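Trainee: Pasting in a structure now, in structure tokens, and then I'll have a few things to ask.
Since every read-out is calculated from the coordinates, none of them should be taken as a lab result. None of the values given here were measured: they were computed from a predicted structure. Cβ sites come from the backbone with ideal geometry, for glycine too, and all protein chains shown count toward neighbours.
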């Protein structure tokens, strides 16, 4: 099983890094509030794929044993767990943000949107998991003699109460919020379509695009985290003994890298502007600006002629 996971992880992670770099490069100039959360997700996914996945591959190669020093093991645990939880918090925030962007105020002040909807969520999503897992990992001690490998596993999983609190706050709660908020977003979008947007329009296409992006990233997050949450709960309460086998736990651990590895592939479909030529986008923007200017000019001329006719 380790060999299969090793090959599959390599085959997925390498193209994921390349596509992620290209997607970040093309979305870098896009400062829209609707894109910021997913751009942050792509950055965290790239960092996780480049730092945590190689250590996971090393562990698979040495048959679940860690050949490096305990200090590197602790650092890997901190970054690995924090990045997975960070991605979950970002997806959870993006699902809430979609309600604000679609059904909230039309005009959000730039300073307010930058501070409230960009900086604060990003700092909390990045800082809280890092601080939490740094505290937990600092308590871990590994006995390792010279030239002997060991299993790099978090010691706080042996404490039932701490492990339960960590699973609920870091995984189950963001999962439930994402599911509920995305479900209600879908319901509100369907009602909006039936009541207002009976015919295709630019605003409806925007609402549909924002909803599609959220559903795609929520699904990939659920696929990656649900097996891991189930194995965690099963290790605590043993409600399904058959999934306590080592190979089941190893597969669940591998699934935690699904969100970071597949978010780049999803961005290709969720953001078609990644593949759009910038020159074409500038041309369309300039053409739209000219059309808008001409309409305003014609409206002013019509109002002026109407005023002159009434005066005469």
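Trainee: What full-extension length gain, to one decimal in nm, is calculated for residue 195 and residue 69 as 0.36 nm per residue of separation minus the Cα-Cα distance?
Mentor: That works out to 39.2 nm of additional length.
Trainee: Suppose we look only past 35 Å in the calculated P(r) of the range 2-276. What percent of the Cα-Cα pairs does that tail hold?
Mentor: 21 percent
Trainee: By how many nm would the segment from residue 179 to residue 100 lengthen if fully extended, with 0.36 nm per residue of separation less the alpha-carbon distance?
Mentor: Result for the pair: 26.8 nm of gain on full extension.
Trainee: Give me the number: length gained by fully extending residue 120 to residue 269, i.e. 0.36 nm times residue separation minus the C-alpha to C-alpha distance, one decimal in nm.
Mentor: 50.8 nm
Trainee: How far apart, in nanometres, would the label points at residue 236 and residue 157 be if each is projected 7 angstrom from Cα along the Cα-to-Cβ direction?
Mentor: Taking the two extended label points, one gets 1.4 nm.
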